[in-house]
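What follows is a single structure, written as structure tokens, with notes after it.
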Amino acid sequence: METIIENELVRELANKHGRTRESLIPILQDLVVHNRFLSRQDMVDVARELDISAADVFGTATFYSFLDTEVRGKYVIRICKTISCAMKGKNDILSTIEEILKVKMGETTPDRKFSLLEANCIGWCHKAPAMLINDTPYTELTPRKVTEILREYIKK
Ligand code: FES
């Protein structure tokens, strides 16, 4: 007989957000907050809990860049790549970060402290260029400002 090991966290989140199709994204978002990424097993468990197909869950998770399906660092840096930020010097910000952390876009530092990712507009275009570190926005960035911000995170 097959033994089903309950995924307590998924169950808890389904209790919190509900078990309709509309609950899917809030549940996946909370899983990312909790685990820092979505594991395949969690996605399968969410599908079972919501009684939807695993393909639906995988499709949703891989469509939204904020729903990470890979293990990320403790601090996920997302640099806005959209036009206002691009025109206001996003490339200089990016190269400064790459230089300080010794990683390229899309990579995670070997100590798993930082991941560097691109994002579409994060809603701070009027204060471009902008980035997020986890949920905290940083705006009107300059290479100097971003260096100071990163130094603080490196010390943490
Ligand atoms: S274009 Fe970068 S925050 Fe909107």
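The values are calculated or read from the model by the stated rules, or taken from the named source; none is laboratory data. Note that the structure is predicted; figures quoted are calculated from it, not measured. Quick reminder, even Gly has a Cβ in these numbers, built from the backbone with ideal geometry, and neighbours come from all protein chains shown. For the accessible areas, the whole protein counts, side chains as well, though only heavy atoms, and no ligand, DNA or RNA atoms are used. Shrake-Rupley method; radii C 1.70, N 1.55, O 1.52, S 1.80 Å.
7 Å from Cα along Cα→Cβ at both E98 and E70: what's the point-to-point distance in nm?
In this crude label model, E98 to E70 measures out at 1.5 nm.
Let me check I've understood the local charge: for T108, count other residues with C-beta under 11 angstrom from its C-beta, Lys and Arg +1, Asp and Glu -1. What total comes out?
Its environment carries a net charge of +2.
Exceeding 22 Å between C-alpha atoms, which entries from my cross-link table qualify? They are K90/K127; K16/K113; K127/K155; K74/K104; K81/K102; K90/K155.
Distance filter (> 22 Å) returns K16/K113; K127/K155; K90/K155.
Suppose each label sits 7 Å from its Cα in the direction of the beta carbon; what would the I25-D111 distance come out to in nanometres?
Here the answer is 3.6 nm between the modelled labels.
Among DSSP beta bridges whose residues both lie in the chain, state the antiparallel percentage, nearest 5.
Given both bridge residues lie in the chain, the antiparallel proportion sits at roughly 55 percent.
Find, to one decimal place in angstroms, the Kirkwood hydrodynamic radius of the chain, where the mean of 1/r is taken over every pair of different Cα atoms and then inverted.
16.9 Å
Find the cysteines in the chain that fail to meet the 4.7 Å Cβ criterion with every other cysteine, and list them.
When partners are defined as cysteine Cβ atoms under 4.7 Å apart, the chain leaves C121, C125 without one.
What distance in nm lies between label points placed 7 Å from Cα along the C-beta direction at C121 and I133?
Between C121 and I133, the label points sit 2.6 nm apart.
First compute the accessible area of the chain with a 1.4 Å probe, then give the percent of it belonging to carbon and sulfur atoms.
Summing carbon and sulfur atoms, their accessible area is 52 percent of the total for the chain.
Got a sec? Which residues in the range 45-81 would a label at S39 touch, if it sits 7 Å along Cα→Cβ and we count backbone N under 12 Å?
Within reach of a label on S39: 45, 71.
In whole Hz, what ³J(HN,Hα) sequence does the range 42-52 give by Karplus (6.51, -1.76, 1.60; θ = phi - 60°), x for Gly and Pro?
For the range 42-52, the Karplus curve yields 4, 5, 5, 5, 5, 4, 5, 5, 8, 6, 10 Hz.
Most fluctuating residue of Y64, Y138, Y75 in a GNM of the chain with Cα springs under 10 Å: which is it?
Taking springs between Cα atoms under 10 Å, the residue moving most is Y64.
Using +1 on the beta carbon of Lys and Arg, -1 on that of Asp and Glu, and nothing else charged, what's the dipole of the chain about the Cα centre, debye to 20?
The dipole magnitude comes to about 780 debye.
Kindly report the accessible area of the chain per residue (heavy atoms of protein chains, probe 1.4 Å, no ligands, DNA or RNA), in Å².
Value returned for the chain: 59 Å² of accessible area per residue.
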